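Nothing in this text is a laboratory measurement; each read-out follows from the coordinates by a stated rule. Quick caveat: nothing in here was measured; it's all calculated off a predicted structure. Glycine gets a Cβ as well: all are built from the backbone with ideal geometry, and neighbour counts include every protein chain shown.
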Amino acid sequence: MIGQLLLNGTVSGLLLALPALAVSLTFGILKFPNFAVGGSLTLGAYAGWVFNTQLGFQIVGASLLAAATVALVSVLLDVAVFGRLREQGSIALMVASMGVSLILENLCRFVFGNATRSLDVDVARPLRWAGLRISHEQIVTAAAVLGCLVLLHLVLRTTPLGRAMRAVADNPTLAAARGIEREVIVRLTWAIIGLLTGLAGVLAAIDRAVEPLVGWSYQIPVFAAAILGGLGSPLGAVLGALAVGLSEELATLVVPTSYRQAVSFAVILLLLLVRSQGLLGARAVRK
Amino acid sequence: MSGAPAIPALAVRGLRAGYGRGGDIVRGIDLDQLPETILAVIGPNGSGKSTFVKALAGLLRPREGSISITGRDVTGLSAARRVVAGVAYVPQEKNVFATLTVRENMQLATEFLRRRAGTGREQEERVLTLFPELADRGRTLAGNLSGGQRQMVAFACALLANPEVLLLDEPSAGLSPRFVSETMEAIVRVRSAGTTIVLVEQNVQAALCIADAVMVLVAGRKSLEAPAGQIRQADLADLFFARAA
């Protein structure tokens, strides 16, 4: 029983990890809490549905195309909205991101309607291993997210782009004085944020369904994960996401399923009271 | 003297700069600095020294005037493009990426300067000859270094870009006397290696010891420009205190 809950919680946490990473990257580099992540998830889910069921792409190809679509939209949103508000402070950017999230969500509702839709994914019997029931969707989610995490880690740690992103997050003025064009790095960051949320949108659609509120249902757990991990810390966002996923699942041991979110957030609240900067927040503190 | 006069490494004409919607902090500065010299920019607090050097680095857009590096007008270039054009800047504070290692700081110093000549392996070896203590500190997080060591990393990173003009904003600030002396020696070594240096300093005595020329700023204007050897402390006191208002 506990083993199954740990497995389910880990996979749920991994699903939260990609958008939580997107929130963490936005906060670290662009210095504002990006609420557009909810709308971007919804857009990713619908883009995946269009490529998969309407244009006939297999789910892997549809996922990649959906991620690319959200990346492109994110860059365009930076050009049209966020870039123009860059010097107006984090509150203006945060409010703008809330507006963007609602616009994206309602655009999807306007174009595709309120009906719940499903992706065309082969139904497979769950695997049974060591008393655990492992669904095909859980394997796909875990593999896709872990692959993304490794890739993102390599980009951030070993490539000039990753170093430049960390440099801009650390000290944008000095980065400019080292020949790094902040605007270029910011646009590429938006593209990465779009890729992460777009792919997460498709995974959310596989896990649940394609409907206008799919992104909103992840919004609060995603922010909880990013804050719990320590805003601005990519590794912290992943650990925070796992903590949220596991606490939501393990809460069902003590309360009915419908209360699990309240219990898990109570646990997170207690954790934050003990460690207010989040799990790995210390390194995100400006020196 | 024979032959054509040398092109100034740094030429500034009628430079005016300030922050936001506030008034001008730098109020019309003209300057010609010869190559491979150290110009000490001194003046009382609030005289516009740091603002002047930020405007040279491109971190503050000039409101009027022009800036040329070895004859090329760089006034309209962003800070990042000015580095490619040959300007390097070491700020007074937060002069290294504290959350990156020393090695990563040094990698970043040239990674985005592909179009600039002389930023390759040879330059790195030259810089490590100037600052040999950095060679075995590559994996240290820059934020864990002492103030003096950070200053050295910041110098090294600026020099890796093989600049024509190096802008230093109060490099001795917050350093112990021993490190001030080491820092000034390092600046002389950099000048000897062929770089032109603009040195903004509050520590007037230390700056005068190594400078070739001195420019005194008072209330955003140039009060005096002269060879360092001709400057007397009494003149400076008069300039600093009598005309600061």
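Things worth noting here:
- Shielding by partners - mean other protein chain Cβ count within 10 Å, residues of B:93-100: 6
- Residue list for segment B:23-44, given a label point 7 angstrom along the Cα-to-Cβ vector of B:LEU130 and an amide N cut-off under 15 Å: B:36-39
- Stretch gain in nm, segment A:LYS31-A:PHE110, where the contour uses 0.36 nm per residue and the Cα spacing is subtracted: 25.3 nm
- The relative contact order of chain B, computed from alpha carbon pairs under 8 Å that lie at least 6 residues apart in sequence, is 27 percent.
- Antiparallel bridges, percent of DSSP beta bridges restricted to segment B:10-242 (to nearest 5): 55
- Counting beta carbons within 10 Å around each of A:GLU211, B:GLU164 and listing the fewest first gives the order B:GLU164, A:GLU211.
- In plain terms, if you count all Cα to Cα distances in chain A and split them into 5 Å steps from zero, the share in each step is 1, 6, 12, 17, 19, 17, 13, 8, 4, 2, 1, 0 percent.
- Kirkwood hydrodynamic radius (C-alpha pairs) into Stokes-Einstein, segment B:10-242, 10 °C and 1.306 mPa s, D in µm²/s: 89
- Only helices enter the 222 nm calculation for chain B: every DSSP H run of n ≥ 4 contributes -39,500 (n - 2.57), and dividing by all residues gives -9500 deg cm²/dmol, rounded to 500.
- The protein assembly as shown: C-alpha pair distances exceeding 38 Å, %: 40
- Computed extension length for A:VAL123-A:ARG86: 8.8 nm, one decimal, from 0.36 nm per residue of separation with the Cα-Cα distance subtracted.
- Of the DSSP H helices in chain A, those with a Cα length along their own long axis of 30 Å or more and a mean Kyte-Doolittle hydropathy reaching 0.0 comprise A:2-25, A:90-112, A:136-158, A:182-207.
- Cross-link check: pairs B:LYS54/B:LYS222; B:LYS49/B:LYS222; A:LYS31/B:LYS49 evaluated at a Cα-Cα cut-off of 18 Å; pairs beyond the cut-off: A:LYS31/B:LYS49.
- Taking every DSSP bridge with both residues inside the protein assembly as shown, close to 60 percent are antiparallel.
- Peptide-level mean, for B:108-114, of C-beta atoms on other protein chains within 10 Å: 6
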